[in-house]
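**Student:** Starting off with a structure, shown below.
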Amino acid sequence: MNTPSDMKRTQIYLHATQQSALAEMARSLRSTSSALIRQSIDEFMKAHKPADQRARRMLAAGSWSDNPDVLDLAELRREERQF
């Protein structure tokens, strides 16, 4: 958990609708707007790590190779040349 000593103050601009929705959510969750913003940033950063994105792409790279419904690329190229 973050302690005040390891936090840095920052300022952001929100649209009025964002600010009111955030305040309402913070009230309903018995939290603060700042805590919700920090949590959202943490989740965003975790979901958008370049290394993680590359790992997901590499996992997906060969996922279609065993699928019999996917056409062979060489076959598609031969078909294109016929026209």
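**Student:** Which one is modelled with the lowest pLDDT among residues in the stretch 1-30 that are of a type in the set (S, T, N, Q) and part of a helix (DSSP H, G or I)?
**Tutor:** Filtering first and then ranking leaves 5.
**Student:** Can you tell me which residues in the stretch 31-51 are exposed (fewer than 13 other Cβ atoms within 10 Å of the Cβ), assigned to a loop (DSSP other than H, G, I, E, B) and modelled with pLDDT of 95 or more?
**Tutor:** 31
The values are calculated or read from the model by the stated rules, or taken from the named source; none is laboratory data. These numbers were taken from a predicted model, which means no experiment stands behind them. Note: ideal-geometry Cβ built from the backbone for every residue, glycine included; neighbour counts use all protein chains shown.
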